[in-house]
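The values are calculated or read from the model by the stated rules, or taken from the named source; none is laboratory data. Bear in mind that the values here come from a model prediction, so they are computed numbers and not experimental data. Cβ atoms come from the backbone with ideal geometry, glycine included; neighbour counts cover every protein chain shown.
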Ligand code: ARG
């Protein structure tokens, strides 16, 4: 299923087995999958991007990202939250490094998963976490249902996360970021066929690959024009030529998110 891994407690620990699966599925992986730093990015900080949250287990192991959209509300991917319980998840804000002890750790009082979610490649990959403690960080605005213009092909989008820095590599201790162009829906359908559900997903990445989100970045933000416009969801491997990253098309879900933010 295009290298998609379900939410895992230790993204780094499963990276190796995920890579084996990818190799088994694709006997001729792209030679151009550039093994660089997110893949192909640069190190950054939560001071620069205060809305970026680590989602961890109770031991502090990061397994997904999230975006603070209100003091006590975090948007993430449904596939990150499936099988999780409020007692088993923590959200960490203001912590640039995975091994840091700074920032704010909140327990979770609610997890809403889009009730239509079944699998990331079928869409509906959105969840909203309610925090027990307010995060003292600036929340990100998110795209409204009418903001569909943000997805014009070629528009620059920013990706962020602590995920693996290559398809078969380990997680990054420091938050990373990169920019990637939005891909036309027709182009993404060419890559992924019927697994690309245009109503629910948007793709971003270079035709030649090299820059992408990867395992562990899921649930984190795709920022376009200063607003949260996507959620890291899935892809075929990472940064492979011809296979852009697939993100939840937030405009299709902002009504649902707003209902949760107000609840
Ligand atoms: N499903 C992955 C996760 O759980 C994210 C994969 C993104 N892949 C990509 N090629 N953009 O972390």
The condition from (1) more than 9 Å from the ligand (Cβ to nearest atom); (2) in contact with a helix residue (DSSP H, G or I) (Cβ under 9 Å, 6 or more places away or on another chain) that residue 234 misses is numbered (1)
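Only one of these is surrounded by 20 or more Cβ atoms within 10 Å (Cβ to Cβ), in the same structural domain as residue 215 (by TED's automatic domain parsing) and either at pLDDT below 95 or farther than 13 Å from residue 216 by Cβ (or both): 28, 24, 11, 32. Name it. Steps first, answer last, please.
Details: 28 fails: surrounded by 20 or more Cβ atoms within 10 Å (Cβ to Cβ); 24 fails: surrounded by 20 or more Cβ atoms within 10 Å (Cβ to Cβ); 32 fails: surrounded by 20 or more Cβ atoms within 10 Å (Cβ to Cβ).
Only one candidate passes the filter, namely 11.
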Condition set over 15 Å from residue 179 (Cβ atoms) and out of contact with any helix residue (DSSP H, G or I) (no Cβ under 8 Å at 6 or more places or on another chain), scope the stretch 237-246, selection farthest from the ligand (Cβ to nearest atom): answer is 241
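I need a count of the residues in the stretch 121-140 that are more than 17 Å from residue 104 (Cβ to Cβ) and either outside the structural domain of residue 89 (by TED's automatic domain parsing) or in a strand (DSSP E or B) (or both).
Narrowing the stretch 121-140 to residues more than 17 Å from residue 104 (Cβ to Cβ): 121-128.
Remaining after also requiring either outside the structural domain of residue 89 (by TED's automatic domain parsing) or in a strand (DSSP E or B) (or both): 127-128.
Qualifying residue count for the region: 2.
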Of 175, 222, 228, the only residue that is within 11 Å of the ligand (Cβ to nearest atom) and not assigned by TED's automatic domain parsing to the domain that holds residue 114 is 222
